[in-house]
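Take a look at the structure set out below.
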Amino acid sequence: MTKKQTLLLGIESSCDETAAAVVKNGREIISNVVASQIESHKRFGGVVPEIASRHHVEQITLVIEEALEQAEVELDDLDAIAVTEGPGLVGALLIGVNAAKTLAFSHNLPLIGVHHIAGHIYANRFEKEMVFPLLALVVSGGHTELVLMRGHNQFEIIGETRDDAAGEAYDKVARSLGLSYPGGVQIDRLAKEGEDTFHFPRAMIDDPSYDFSFSGLKSAFINQLHNMRQKNLEPNPADMAASFQASVVDVLVTKTIRAAKEYQVKQLLLAGGVAANQGLRAALIQEAETELPNVELLIPPLSLCGDNAAMIAAAGTASFKEGKRSSLAMNAEPGLLFDDI
Ligand code: KG4
Ligand code: ZN
């Protein structure tokens, strides 16, 4: 007898993307619709929560309908609905959570609250099956964490940033160079054309903990820019970008490789918006090849690095299979911790 397939609708609205997706068996994308609001936030240099909420309200129904239509499934074909419960912007999260609760209630479907970062990690499951123990380097606009997983849905944070997230630092230095939001991808592009001439500090690289810190690097970058401009010198933006990126990548890769060795993991996963960074991807591939010959490296395709709902459905499927269900009293949790799910 063939095993019944599991079909989940995923919904994501934690920040500036309204997204819905249909995923089969937690590993196969049937549809993946993302409505980005970046253009609306650009002129403010960052995400404006009120504008984000308004866009989510306008888009959520259309995006869900589109995801179901593209997948050629009806709501009653689904096994469950997974939605980002947190962390994120409360007003933004609420739109997705309320849409999911309404559909779950009206179609009598199980509801599954998903941790946004769990989603980013599970984006790797579309590449290959997860093998435990694994270590995930999570680098996004709001998070920088090393997460150890000994099984599905078991998340242990072994290190995290003590101040800015990596993506946040990217966006802030990009802004100081006059680049538009979100600046991470533009710094990445510029970095390819420059050299590490400024040798910015590598914060906490030798610290025995697995924590990170990026605010000192961000200040060093901005101070360098101001000092030169005061002398009527304009630093080469490509060299500034390359120097900044070299510091971020050096620290992230060095500490990740060390942690992977200490915890003797079978897989190393890259996750989050900054996983799209070309310099980081290349350095991790190279270092893992020489330093971790017995560890399998998983990196999501570029299309699944940023926020999307397929990853939420993938993480939701793992919870669903373990029998986890959320109640219809579920609320948006802007500060949701891994321990809360
Ligand atoms: O995961 P994500 O889409 O949203 C959060 O959950 O925070 O991550 C967005 C972050 C932004 O800070 C953006 O600048 C950064 O990911 N990012 C990049 C690149 N592409 C996106 N940072 C560096 N290099 C990139 N290529
Ligand atoms: Zn994200």
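Each value in this text was obtained by applying a stated rule to the coordinates, not by laboratory testing. Bear in mind that the values here come from a model prediction, so they are computed numbers and not experimental data. Please note: Cβ atoms are built from the backbone with ideal geometry, for glycine as well, and neighbour counts cover all protein chains shown.
Under 8 Å for C-alpha pairs, at least 6 residues apart: give me the relative contact order for region 129-299, rounded to a whole percent.
Numbers: 316 pairs, mean separation 47.8, N = 171.
Result for region 129-299 is 28 percent.
Semi-axes of the equivalent ellipsoid of the chain: what are they in whole Å, largest first, if each equals the square root of 5 times a C-alpha gyration tensor eigenvalue? All intermediate terms of the calculation are to be shown ahead of the outcome.
Working: eigenvalues 245, 113, 50 Å².
Semi-axes from the Cα gyration tensor: 35, 24, 16 Å.
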Worksheet entry | In degrees, nearest ten, helix 278-291 long axis to first principal axis of the chain (Cα) | 90 degrees
Item to complete: For region 89-150 and region 34-69, write down the distance between their C-alpha centroids in whole Å.
Response: 18 Å
Worksheet item: Can you list the HN-Hα couplings for region 315-325, worked out from phi with the Karplus curve (6.51, -1.76, 1.60; θ = phi - 60°), rounded to whole Hz and with x for Gly and Pro?
Response: 5, x, 5, 4, 5, 4, 5, 8, x, 6, 9
Worksheet item: Ranked highest first by average number of other Cβ atoms within 10 Å, how do 71-81, 299-309 line up?
Response: 299-309, 71-81
Discussion item. How tilted is helix 49-71 with respect to the longest principal axis of the chain? Cα atoms for both, answer in degrees (0 to 90, nearest 10).
Written reply: 50 degrees
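Determine the relative contact order of the chain: mean sequence separation of Cα pairs under 8 Å and six or more apart, normalised by residue count, in whole percent.
Once divided by the residue count of the chain, the mean separation gives 26 percent.
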Worksheet, complete the sentence: Cα gyration tensor of region 18-139 diagonalised, 5x eigenvalues square-rooted, in angstrom largest first, produces semi-axes 23, 21, 14
Worksheet item: Between Arg54 and Asn331, what is the spin-label point distance in nm, taking each point 7 Å from the Cα along the Cα→C-beta axis?
Response: 2.6 nm
Item to complete: Determine the calculated [θ] at 222 nm for the chain from helices alone, applying -39500 (n - 2.57) to every DSSP H run no shorter than 4 residues and normalising by the residue count; nearest 500 deg cm²/dmol.
Response: -13000 deg cm²/dmol
Worksheet item: Going toward the positive end of the dipole of the chain, with +1 on Lys and Arg Cβ and -1 on Asp and Glu Cβ, which of Ala82, Phe198, Ala169 do you reach last?
Response: Phe198
Discussion item. For Asn331, what residues show an amide H to amide H distance below 5 Å, using hydrogens built from the backbone and excluding near sequence neighbours?
Written reply: none
Worksheet, complete the sentence: Distance in nm between Ala282 and Tyr263 label points, each 7 Å along Cα→Cβ, equals 2.8 nm
Worksheet item: Between Tyr210, Pro301, Ala136, whose Cα lies farthest towards the positive end of the dipole of the chain when Lys and Arg beta carbons carry +1 and Asp and Glu beta carbons carry -1, centred on the Cα centre?
Response: Tyr210
Discussion item. Largest first and in whole Å, what are the equivalent-ellipsoid semi-axes of region 129-299 based on the Cα gyration tensor, each being the root of 5 times an eigenvalue?
Written reply: 30, 15, 14
